[in-house]
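Here is the structure we will look at, set down as structure tokens.
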Amino acid sequence: MAGFFGFFDYTKPGKGLSKEDVDKKGVALYFDILGRRFWKFIQLNLLFLAASIPAIIIGWLISLFGVTWLAALSQVELSQEWINGLTLLGAFVTVIFLQLCGSGPASAGMSYVLRKYANDTHSWVWSDFWDNFKSNFKQSVAVYIINVFVTCIMAVSFVFYRRVMEGFSATLLSTVIAIAFAIFYMMQMYTYQLMVSFELKLKDIYRNALILVLAKLPWNVLTVVVTFFLFRGLFALAMSVPIGAVAIVFVIFYVLVNFTQIFMSNNVIKKLLLEPALERTQNDSAEETETEETAEEENTEE
């Protein structure tokens, strides 16, 4: 039997592309890729969640601590009804936390496959995921730890300063923290992509991610806005269908949100990193060819 639910089938060729498929760009290409690879997206989402179990447990514990802390600050009497509500809120925050911070190696594996799909090129879901899971393990764990630390510090700082300060100072400081976190979150659209695409040190990954965010800030803000409305749409759909929330999270949520971000941010990487690098390589090659031709001419004259 070739494969198990499509995961291990390395013999089945992919669907060929027509001229119309090749010519598609932008939104048309996005939905075309989504339609052609939808089953692959479901496989990748399930694989990502299975490989993210440690990160999900960490996120759940942090989320429960966070919502309990907020309840204590608000001096809420924890009745059974409140406990049930806080548990649901903790589950919701866990979903968001995993999206904000990623899950280290699993995010690296998913980013590689989704970047291949964003470029409309083939990728083996199972093998490519695990290859990049292993090859980027140390860096991706470091990125995850940094993401968790920064997210927690900024969240606590935002709540703390809103409580201990009043008036314009509280508003100003809260705004600065919110903007800093927004920029940091936009950097996460690039960190894992840079990790799986280039051989960079950790500090260079974050430096380049920050440069890419600031260089194309309006486009990156648009990407976040699109992601936000996509999340709202998925959340509304989940709430309107019995057990819809669990089904959507397990079937498509993380891959769809991350594919949208990667599809849009991939254009920035191409324009600011890949195209200039390709142009430099071509120029260097042309200069070497010219030098060799000049040397040959001089040897012939001699």
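Taking the stated definitions as given, is VAL249 closer than 24 Å to PHE31 by Cα, at pLDDT 90 or above, aliphatic (A, V, I, L, M) and surrounded by 10 or more Cβ atoms within 10 Å (Cβ to Cβ)? Reasoning before the result, please.
Working: closer than 24 Å to PHE31 by Cα: yes; at pLDDT 90 or above: no; aliphatic (A, V, I, L, M): yes; surrounded by 10 or more Cβ atoms within 10 Å (Cβ to Cβ): yes.
Against the criterion (closer than 24 Å to PHE31 by Cα, at pLDDT 90 or above, aliphatic (A, V, I, L, M) and surrounded by 10 or more Cβ atoms within 10 Å (Cβ to Cβ)), VAL249 does not qualify.
Hey, could you check segment 202-234 for residues that are of a type in the set (A, V, I, L, M, F, W, C), within 15 Å of the chain's Cα centre (by Cα) and open to solvent by less than 60 Å² (accessible area, probe 1.4 Å) and say which is farthest from TYR30 (Cα to Cα)? For segment 202-234, the residue satisfying everything is ILE205. Of all residues in segment 130-139, at least one satisfies being of a type outside the set (Lys, Arg), open to solvent by less than 30 Å² (accessible area, probe 1.4 Å) and in contact (Cβ under 8 Å) with a residue 40 or more places away in the chain.
Residues in segment 173-197 that are surrounded by 14 or more Cβ atoms within 10 Å (Cβ to Cβ) and free of Cβ contacts under 8 Å to residues at least 24 places away in the same chain: 3 in all.
Condition (residue is at pLDDT 60 or above, surrounded by 13 or more Cβ atoms within 10 Å (Cβ to Cβ) and either under 14 Å from TYR254 (Cα atoms) or out of contact with any Ser or Thr (no Cβ under 6 Å at 6 or more places or on another chain) (or both)) applied to segment 1-23: is it met by at least one residue? No, segment 1-23 contains no residue that is at pLDDT 60 or above, surrounded by 13 or more Cβ atoms within 10 Å (Cβ to Cβ) and either under 14 Å from TYR254 (Cα atoms) or out of contact with any Ser or Thr (no Cβ under 6 Å at 6 or more places or on another chain) (or both). How do the pairs read when you match residues in segment 225-241 that are more than 23 Å from ILE183 (Cα to Cα) and part of a helix (DSSP H, G or I) with residues anywhere that are β-branched (Val, Ile, Thr) and at pLDDT 70 or above, using Cβ under 9 Å and keeping only pairs 6 or more apart or on different chains? Listed pairs, sorted by first residue: LEU234/ILE252; LEU234/VAL257. None of SER52, SER63 is at pLDDT below 85, closer than 29 Å to ALA155 by Cβ, of a type in the set (S, T, N, Q) and surrounded by 17 or more Cβ atoms within 10 Å (Cβ to Cβ) except SER63.
The values are calculated or read from the model by the stated rules, or taken from the named source; none is laboratory data. Everything numeric in this text was worked out from a predicted model, so none of it was measured. Don't worry about glycine lacking a Cβ; one is built from the backbone with ideal geometry, like all the others, and counts go over all protein chains shown. For accessibility, only protein heavy atoms count, side chains too; no ligands or nucleic acids. Shrake-Rupley method; radii C 1.70, N 1.55, O 1.52, S 1.80 Å.
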